[in-house]
Amino acid sequence: MKAIECLKYGGEENLVLSNVKKPTPKDDEVLIKICATSVTTSDVLIRRMKEPLIPRFILQLIFGFGGPRNPILGMVTAGIVESIGKDVSMFEIEDEVFAYGSISTTKHRFGSYAEYICLPEDWNIALKPANLSFEEAAAIPYGGLLASHLLKKTRINKGDKVLIYGASGSIGTMAIQLAKHMGANVTSVCSSRNFELVTSLGSNKMIDYTLENAEKQLETYKYVIDAVGNSKTSKLKKNSKKALTPNGKYISIDDGIPLTPKEAFFNLKSLAEQGKITPVVDSIYPLDKMVEAHKYVEMGHKKGNVVITI
């Protein structure tokens, strides 16, 4: 099968189109013919491996020294079940599914930058929402699960003011919708070119972080959700950490290890089927344009998700 392999850590030029052996499902696994995957910020972080010394050492303990232990990156899958192991009971051949290759900190599997992948049937895998295309389904798991992780740390009541910093990215666009579903009054921080997008997702107010004195537009919030983490900052962001009500809370995506439990995954599936969350697709690339896709994601200005068709 065709796959993109990351030969070593570093620049996107290390991503190479290869022919590799097609996987065979174990007794409890399904073999999925992948129709779409996505390039996430985490994929770029792993490929670059440019973190400070201690975080980099920890990451390489997990993923491999010198280069990824599994050279095929990618954890998001949307596709069709081609075969199943003898013990599989929840899926049938030709089922249209979507999946995320992580269910806990110790159970994760890369490999979706390829034509096929095998995953255990009891991981984060479900029938694809019928109202979504494969490309749209591939735009749900990463941002949706990380946004769910952030919002699980809140107790939002109807009308609570919530500020989302980095509102136009894959995590932010999902965080807006999930917070609105919980009843929040949402203020989105992004550039003005993304105001129309975040408004369409339910944002009540917008702040352009690129403007001088943008921090003067801050109010006080029950929760400030940082969807971009320590990699990006601004005067507005620094001030937002103080723009809290007396019992308010600042929550960053870089606080702790994000959890990706099955209940969160299936909640996203249900909300998508009901039309209560809408996946945002910025652009779509074919598999052989993976280098270009990584370059674009690394620029840090994508809207929602960058999807790869296979």
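What the table shows:
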item	result
Selection of GluC sites (Glu not before Pro), the range 46-142, meeting DSSP coil and at most 11 other Cβ within 10 Å	GLU92, GLU94
The chain - percent relative contact order, Cα under 8 Å, separation 6 or more	20
Within a Gaussian network of the chain (alpha carbon springs, distance under 10 Å), most fluctuating of GLY169, GLY248, GLY144	GLY248
Surface/4 estimate of mean projected area, convex hull on alpha-carbon atoms of the range 173-234, nm²	4.4
Per-pair calculated FRET efficiency, R0 = 41 Å: PHE57 and ASN131 via Cβ, rounded to 0.05	0.40
Cα-based Lys proximity count in the range 130-236, under 18 Å, for pairs eight or more positions apart or on separate chains	18
Between the range 244-291 and the range 212-242, the Cα center-to-center distance that results, in Å	20
The range 1-63: Lys pairs at Cα distance under 25 angstrom, eight or more positions apart or on different chains	9
C-alpha center-to-center spacing [the range 162-178, the range 1-72] in angstrom	26
If the convex hull is drawn through the Cα atoms of the range 144-252, its volume per residue in Å³	86
Cut-off under 5 Å, modelled amide H: who pairs with SER83 long-range	LEU31
Theoretical gain in end-to-end length, SER200 to LYS235 [0.36 nm per residue, Cα-Cα removed]	9.9 nm
Choice from SER89, SER38, SER168 showing the highest fluctuation, given a GNM over the chain with Cα pairs closer than 10 Å	SER89
Most mobile of PHE266, PHE63, PHE195 in a GNM of the chain (Cα contacts under 10 Å)	PHE63
Helical mean residue ellipticity (222 nm; -39500 (n - 2.57) per DSSP H run of 4+; nearest 500) of the chain	-7000 deg cm²/dmol
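We did not get these values from a lab; they are worked out from the coordinates using the rules stated. Just so it is clear, the structure is predicted and the values come from calculations on it, not from any experiment. Cβ atoms come from the backbone with ideal geometry, glycine included; neighbour counts cover every protein chain shown.
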